[in-house]
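Undergrad: Take a look at this one; I'll ask things after.
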Amino acid sequence: MPNGKSNTAERRQRSRFLFWMLAPTVLIVLAVVAYPLMYNVVLSFSNMNLYHIRDWKVVGLGQYAAVFAEPNFWKIFGKTVLWTVVNVFFHVAIGVFLAVMLHQKFIKGKSAWRTLLILPWALPQYITALTWRGMFNYEYGAVNLFLGKFLNLSPIEWLTSPTEAFMAAIITNVWLGFPFMMVVALGGLQSIPEELYEAADVDGASAWSKFWNITVPMLRPVLIPAITLGTVWTFNNINVVWLVSNGGEPADQTHILVSYVYKAAFAMYRFGWAAALSLVIFAILFLFTQVFLRQTDATEPAY
Amino acid sequence: MPRILRLFAVLWLAASASACRPDDGPPKDGPVEVLIWHKKDGVELDFFNRQVAAFNREHDGRIRIKTLKRDNEELRTQFIFASVGGQGPDLIFGPSDNISVFAVTGSLRPVTDVLPDTFLARFDSSGVLDWNGKKWLVADQVGNHLAFVYNKRLLPAVPETWEELIPMLQALTKDTTGDGRPDRYGLTWNYTEPFFFVPFLTGAGGWVMTPDEKPTLDTPQTVEAIRFVLDLRDKYKIIPGESDYNVAETLFKEGRAAAVINGPWAWAGYKRAGIDYGIARIPKMPGGRWSAPVTSSLGYSVNVNVPDWKVPYLRTVLEFLTGPAMQTAMADSLATIPTQPQVLAIPKVAENPILQASLAQLAVGRPMPLTPQMRQVWDGMRGPYQLVMSGSVSPEQGARKMQVEVQNLMDDMSR
């Protein structure tokens, strides 16, 4: 009996200890994640806007209907998908290519190359985006000067034509994003057993064949979660598109969904509508993540 | 009740109690702090900081002004959020076109709650701004208007009409390196903002909305104004192919543009950059009308959350910041136009050539309508204007799109 009592006291003490250790985290998560999310859900059913910022009330599903009825919604949704696919494709392609190159034995000064290639990622996005915006200037930007001087091409209206402005934002984001995939792929490459390549060499496999049959399948377990993350980040990456295009210029033609939400909420004060659209974005990304992870068996063990 | 819920309940009550704590008097020790959010920049910011420091020294231990600079867009949005949340600065300094948005959102106390009628009576009509029957802003300057700023070394004088000016600017546009691209332009300004398009619109006889706030942009006058701007770039080739605010500033400050269209907030910066500049009216359009910029006042408004006990302290601060001594110093140092008529009569103000030129531009300006709908006007015009400038749509299509966009945004606002 004394033994049982002391066990109970110990258990109580242990659970008290756990409670106090967990409480701050739970509180913070509730305050910075759960509460804003729930508030956003409530707002999405409300009529909150400039004229009803204090006396707003819940009005039902009207804002969701307005989101889908908005002619720009589908156009911008399509553009967001394009933005995400192109960006993630280049992030992965360039990242994996550079990682494989850096993994080769014949490359000298690997750590210097690695540092250099990680630089775009290490710089604040804000600075990078504004620098690229300056470089895309029609007359004085480095990009057009380069095109004219070295490739003898006519200058491109990077920032004033809708398609070119969108391309400018994509180029900037590709530059910013490939180091993440490179670092992830480099980590993955380190864990591939050398014996697999040696066995392939014995079988007389070409470099290309080794890449597709050993490197790619072995990188899959690390790349799939990274691609999932990259997709969500890119889909919601307001910084680059907003700063390079100066808030959707020209003529709101370079928006992705998240920048459109930002403008609706903080420039037009359409809070209810913006909250509904932000939850639509949340639903899209949630669905994508579930389907993608399931389809790719990303949670299954690698070996 | 589970322990975690009990903990939340306690914390919730504590947070609510602290949020509801009545702000019932000045602090027992130390000065009363008056927080001002503002958008002052560059030379004006340096001047403001010096004045605030002088005030704090003079009122040491009783009142302390604290300031926070924000960009105009952020200033407006953050102030609304803070005010609705029961927080925010005591005073906000910004353009008068903000006040209708602040008033609609219930973010302001009338300035008449703080300043006595005898003090307000010293201002002219541009100095105390009302909207919907209440006075919301007391201004330390009027203007905020665009004008034609020229580099005197390159362009000694500015004629009255664009017809006379264009050949002069063509002569100043030069390609010295022979690479087919001018190294210096006659003129530049920020083409991405419709605010900078309005002088051409008014010069063509157009305007943005009717008195009952219906957009008036799909008109022959808008088309004429767009054509005129495009001609300056494509026919006369006196302005760069692309220019936003920063490019325009850089070109003028580096002497790579002989003139720029910009407002008083930028002028002192040109002096600092070593440009010997002059101010003139933006010339008359071919129809004989002046290219009239929009004008507004800049000043202080009072947060609705300011408690009554703080009002006398705010009165002291506002009387200092908008009083005749401050307006005289501002006119002298920054060439801002005072809102107290007696200040204009002071010789050193009356004899300031930049200020007099600014006044001449102001005289033909068009006051900015004080309505929340102006926000939709600017936003609705911006996109089509940029499309026109990029050649994606014709001037006629641009004018039509402006009208549709502005109307759509006005309709969206109430949803």
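Undergrad: Looking for something surrounded by fewer than 16 Cβ atoms within 10 Å (Cβ to Cβ), within 14 Å of chain B (Cβ to nearest Cβ), of a type in the set (A, V, I, L, M) and not in a loop (DSSP other than H, G, I, E, B) - is there at least one such residue anywhere in the range A:69-91?
TA: From the range A:69-91, those surrounded by fewer than 16 Cβ atoms within 10 Å (Cβ to Cβ) are A:69, A:71-72, A:74-75, A:78, A:81-82, A:85, A:89; that's our starting set.
Of the ones still in play, those that are also within 14 Å of chain B (Cβ to nearest Cβ) are A:69, A:71-72, A:75.
Now drop any that are not of a type in the set (A, V, I, L, M), which leaves A:69.
Within this subset, residues satisfying the condition of being not in a loop (DSSP other than H, G, I, E, B) are A:69.
Yes, the range A:69-91 has at least one match.
Undergrad: Now for a separate question. For the list (1) touching a strand residue (DSSP E or B) at 6+ places or on another chain (Cβ under 7 Å); (2) free of Cβ contacts under 8 Å to residues at least 12 places away in the same chain; (3) not aromatic (F, W, Y), I need the number of the one condition that A:L30 fails.
TA: Condition not satisfied by A:L30: (1).
Undergrad: Out of B:G269, B:G263, I need the residue that is under 28 Å from B:L108 (Cβ atoms), assigned by TED's automatic domain parsing to the domain that holds B:A157, out of contact with any Phe, Trp or Tyr (no Cβ under 8 Å at 6 or more places or on another chain) and of a type outside the set (F, W, Y). Which one?
TA: Result of the check over B:G269, B:G263: B:G263.
Undergrad: Then there's this: Which of (1) within 14 Å of chain A (Cβ to nearest Cβ); (2) out of contact with any Leu (no Cβ under 7 Å at 6 or more places or on another chain); (3) crowded, with 23+ Cβ neighbours inside 10 Å is the odd one out, the single condition B:I239 does not satisfy?
TA: Every listed condition holds for B:I239 apart from (2).
Undergrad: Which one is surrounded by the most Cβ atoms within 10 Å (Cβ to Cβ), of the residues in the range A:109-153 that are part of a helix (DSSP H, G or I) and among the small types (G, A, S)?
TA: Within the range A:109-153, the subset part of a helix (DSSP H, G or I) is A:110-122, A:125-135, A:142-150.
Subsequent filtering for residues that are among the small types (G, A, S) retains A:111-112, A:122, A:129, A:134, A:142, A:148.
Details: A:S111: 8, A:A112: 9, A:A122: 9, A:A129: 22, A:G134: 15, A:A142: 13, A:G148: 16.
Filtering the range A:109-153 for residues that are part of a helix (DSSP H, G or I) and among the small types (G, A, S), the one surrounded by the most Cβ atoms within 10 Å (Cβ to Cβ) comes out as A:A129.
Undergrad: Consider the range B:406-415. How many of its residues are modelled with pLDDT under 90 and either more than 8 Å from chain A (Cβ to nearest Cβ) or under 17 Å from B:L201 (Cβ atoms) (or both)? Give the derivation first.
TA: At the first step, the residues of the range B:406-415 found to be modelled with pLDDT under 90 are B:408-415.
The next check asks that each one be either more than 8 Å from chain A (Cβ to nearest Cβ) or under 17 Å from B:L201 (Cβ atoms) (or both); those that pass are B:408, B:410-411.
Summing the residues that are modelled with pLDDT under 90 and either more than 8 Å from chain A (Cβ to nearest Cβ) or under 17 Å from B:L201 (Cβ atoms) (or both) in the range B:406-415 gives 3.
Undergrad: Would you point out which residue out of A:K57, A:K75, A:K79 is basic (K, R), touching a residue at least 12 places away in the same chain (Cβ under 8 Å) and closer than 30 Å to A:L279 by Cα?
TA: Details: A:K57 fails: touching a residue at least 12 places away in the same chain (Cβ under 8 Å); A:K75 fails: touching a residue at least 12 places away in the same chain (Cβ under 8 Å).
The unique qualifying residue is A:K79.
Undergrad: Within the group B:L146, B:L115, B:L155, which residue is farther than 25 Å from B:W265 by Cα, crowded, with 20+ Cβ neighbours inside 10 Å and touching a residue at least 40 places away in the same chain (Cβ under 8 Å)?
TA: Values: B:L146 fails: farther than 25 Å from B:W265 by Cα; B:L155 fails: farther than 25 Å from B:W265 by Cα.
Exactly one residue qualifies, and that residue is B:L115.
Undergrad: Out of B:E242, B:E193, B:E249, I need the residue that is under 29 Å from B:V43 (Cβ atoms) and without any contact (Cβ under 8 Å) to a residue 24 or more places away in the chain. Which one? Walk me through it before giving the result.
TA: Values: B:E242 fails: without any contact (Cβ under 8 Å) to a residue 24 or more places away in the chain; B:E193 fails: without any contact (Cβ under 8 Å) to a residue 24 or more places away in the chain.
One residue alone meets the criteria, B:E249.
Undergrad: Hey, another quick one. Which residues, counting only those in the range B:363-404, are modelled with pLDDT of 90 or more and acidic (D, E)?
TA: B:E396
Undergrad: Something else now. Within the range B:372-401, count every residue that is away from every other protein chain (no Cβ under 12 Å) and crowded, with 17+ Cβ neighbours inside 10 Å. Step through it out loud before you land on a result.
TA: Let us first name the residues in the range B:372-401 that are away from every other protein chain (no Cβ under 12 Å), namely B:374, B:377, B:394-396, B:399-400.
Narrowing further to those that are crowded, with 17+ Cβ neighbours inside 10 Å: B:374, B:377, B:395, B:399-400.
Number of matching residues: 5.
Undergrad: Restricted to the range A:40-79, and to residues that are of a type in the set (S, T, Y) and at pLDDT 95 or above, which residue is farthest from B:D411 (Cα to Cα)?
TA: Of all residues in the range A:40-79, those of a type in the set (S, T, Y) come to A:44, A:46, A:51, A:64.
Applying the additional criterion that residues be at pLDDT 95 or above yields A:44, A:46, A:64.
Details: A:S44: 19, A:S46: 17, A:Y64: 17 Å.
Residue satisfying both the conditions and the ranking: A:S44.
Per-residue answers, yes or no, for (1) crowded, with 22+ Cβ neighbours inside 10 Å; (2) part of a loop (DSSP other than H, G, I, E, B); (3) in contact with a His (Cβ under 8 Å, 6 or more places away or on another chain); (4) modelled with pLDDT under 95:
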| site | (1), (2), (3), (4) |
| --- | --- |
| B:P182 | no, yes, no, yes |
| B:D212 | no, yes, no, yes |
| B:N246 | no, no, no, yes |
| B:F252 | yes, no, no, no |
| B:A268 | no, no, no, yes |
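Undergrad: Can I ask one more? Please list, ordered by residue number, the helices (runs of 4 or more DSSP H) wholly in the range B:302-415 having 3 or more residues that are touching an Asp or Glu at 6+ places or on another chain (Cβ under 7 Å) and assigned by TED's automatic domain parsing to the domain that holds B:A204. Talk me through it step by step, then tell me what you get.
TA: Working: elements: B:311-322, B:324-334, B:341-344, B:347-350, B:353-363, B:374-389, B:395-413.
Per the criteria, B:374-389, B:395-413.
Undergrad: If we scan the range A:241-251, do we find a residue that is acidic (D, E) and touching a Ser or Thr at 6+ places or on another chain (Cβ under 8 Å)? Outline the logic, then answer.
TA: Restricting attention to the range A:241-251, the residues satisfying the condition of being acidic (D, E) are A:249.
Then drop every residue that is not touching a Ser or Thr at 6+ places or on another chain (Cβ under 8 Å), which leaves A:249.
Yes, there is a match, as at least one residue in the range A:241-251 is acidic (D, E) and touching a Ser or Thr at 6+ places or on another chain (Cβ under 8 Å).
Undergrad: Looking at the structure I just gave you, is A:N47 within 14 Å of chain B (Cβ to nearest Cβ), surrounded by fewer than 16 Cβ atoms within 10 Å (Cβ to Cβ) and touching a residue at least 40 places away in the same chain (Cβ under 8 Å)? Before you say what the answer is, go through the steps one by one.
TA: Numbers: within 14 Å of chain B (Cβ to nearest Cβ): yes; surrounded by fewer than 16 Cβ atoms within 10 Å (Cβ to Cβ): no; touching a residue at least 40 places away in the same chain (Cβ under 8 Å): yes.
No.
Undergrad: Oh, and also: For the range A:215-253, how many residues are charged (D, E, K, R) and surrounded by fewer than 19 Cβ atoms within 10 Å (Cβ to Cβ)?
TA: Narrowing the range A:215-253 to residues charged (D, E, K, R): A:220, A:249, A:252.
After this cut, where a residue has to be surrounded by fewer than 19 Cβ atoms within 10 Å (Cβ to Cβ) as well, the list is A:220.
Residues that pass the stated criteria total 1.
Undergrad: Filtering the range B:123-133 down to residues that are touching a helix residue (DSSP H, G or I) at 6+ places or on another chain (Cβ under 7 Å) and more than 14 Å from every other protein chain (Cβ to nearest Cβ), which residue is surrounded by the most Cβ atoms within 10 Å (Cβ to Cβ)? Write out each step before concluding.
TA: The first filter runs over the range B:123-133 and keeps only residues touching a helix residue (DSSP H, G or I) at 6+ places or on another chain (Cβ under 7 Å), leaving B:124, B:128-129, B:131-132.
Of the ones still in play, those that are also more than 14 Å from every other protein chain (Cβ to nearest Cβ) are B:124, B:128-129, B:131.
Numbers: B:D124: 14, B:V128: 23, B:L129: 25, B:W131: 19.
Step by step, filter the range B:123-133, then rank; the result is B:L129.
Undergrad: Take the range B:48-76 and flag every residue that is surrounded by fewer than 17 Cβ atoms within 10 Å (Cβ to Cβ) and either of a type in the set (F, W, Y) or within 14 Å of another protein chain (Cβ to nearest Cβ) (or both).
TA: B:D71, B:N72, B:E73, B:E74
The values are calculated or read from the model by the stated rules, or taken from the named source; none is laboratory data. It should be emphasised that the depicted structure is a prediction, and the values quoted were computed from it without experimental measurement. Positions of Cβ are backbone-derived with ideal geometry, glycine not excepted, and every protein chain shown enters the neighbour counts.
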